[in-house]
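Notes for the one structure printed next.
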DNA sequence: ACTTTGTTTAACAATTATGTTAAATACCGG
DNA sequence: CCGGTATTTAACATAATTGTTAAACAAAGT
């Protein structure tokens, strides 16, 4: 009973991710997704049964990847500066690929409170916050609540990509310039938060 | 033929703003809005004819207020540091009141390109960017493209508020702490970008 | 060739959201 | 109390979206 895998189920998910997380089209319909994937709408229901389930799967995978990334970066045994550089490098790349991803996680997060968070927190975030605090004592980072540091860090990475269209119109950034500026930001962000 | 103003039209708009810009409910229906405002759904159509028109009005007023705020802050004849402080103070307050407002403007902005932007740009943004550049030459701000400075500034203000729920769960920030941390940020942001 | 799985087509039911209309009721000012 | 405006109620039409089903077709393996 060989179930052959044509990759179409994955194609549909990837397309949904592109539409939701890259294009930021919050109320794309199953038809929109099917069209973008170049398949029949029925197939979307065939594989996922309902729009909600497709949506949920896609968001869950986004959460999982987010967790993985945190894992990878924060638990590597390297110096703080290296870790920080890698953190910025990896996250910026992901944010550029999927600017709206975190936003979907945010709006989903408001509904379901989770307990799994504790695991991530204890395993990765808490130790990293401690490292940040140590760097503050060493005078390498401006002293504040380490959580303020984290919020600033994410903000500097995520928001400019999210507000791309506003930046282009209000700051007169051209289509060609924008990716270059985002690349530059990796260094700029590091310099802003670490001396 | 006195047309008496009961303020209901405004109530509906304010409620829509609350739902869209504060609660971030991107696909709230006319029914949702009517319920939240405590009026009959028919009344929404009576005043605004269609959901699109209500939505458009609300977003346009958001844009207008945004423009006004920029006007107010950026064209006042005070020192750069004072201007910067005021900028952060005023904008943070607005962002806290309406965290999702810019996001709606962003998604709207992607559809309609505007020419009115040039007016705002020439009148306020361009001169301010020049001021920023001057401060960079004076060594008060780290030298980069002034537009990077602007993007960082907005990011530091907007994103932490936008990602409130994520911050609360992942950084273990309590409901009580959050507003305090946001208030603290005004100073923190200033210190981060100005020496 | 036969079978299985993947995919499309078409037709349909159910639901939800939008928008319209007409009549009934509530409220307020003169 | 009268007249007009504000608001509600109810009923309805329409459109969009979702979801289901059955049949046909395509492709690939054995």
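With a requirement of 2 or more residues that are more than 9 Å from DNA strand C (Cβ to nearest atom) and in contact with a helix residue (DSSP H, G or I) (Cβ under 6 Å, 6 or more places away or on another chain), the helices (runs of 4 or more DSSP H) lying completely within the range B:1-86 that satisfy it span B:8-17, B:30-37, B:51-74. A single member of B:103, B:129, B:70, B:54 is touching a residue at least 60 places away in the same chain (Cβ under 8 Å) and surrounded by 12 or more Cβ atoms within 10 Å (Cβ to Cβ), and it is B:103.
Of everything in the range A:33-58 that's within 14 Å of chain B (Cβ to nearest Cβ) and within 8 Å of DNA strand D (Cβ to nearest atom), which residue is nearest to residue A:103 (Cα to Cα)? Going through the qualifying residues, I end up with A:52.
Which of the residues belonging to the range B:73-100 are free of Cβ contacts under 8 Å to residues at least 12 places away in the same chain and closer than 26 Å to residue B:25 by Cα? I'd like the intermediate steps shown before the answer.
Initially, the range B:73-100 is screened for residues free of Cβ contacts under 8 Å to residues at least 12 places away in the same chain, giving B:76-79, B:82, B:93.
Residue satisfying the conditions is B:93 alone.
Here's the yes/no breakdown for (1) surrounded by 15 or more Cβ atoms within 10 Å (Cβ to Cβ); (2) in the same structural domain as residue A:90 (by TED's automatic domain parsing); (3) under 27 Å from residue B:186 (Cα atoms):
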site: A:125; (1), (2), (3): yes, yes, yes
site: A:138; (1), (2), (3): no, yes, yes
site: A:146; (1), (2), (3): yes, yes, yes
site: A:161; (1), (2), (3): yes, yes, yes
site: A:175; (1), (2), (3): no, yes, no
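The values are calculated or read from the model by the stated rules, or taken from the named source; none is laboratory data. No experiment lies behind these values; they were computed from the predicted model shown. A quick note on method: Cβ atoms are made from the backbone with ideal geometry, for glycine too, and the neighbour counts reach across all protein chains shown.
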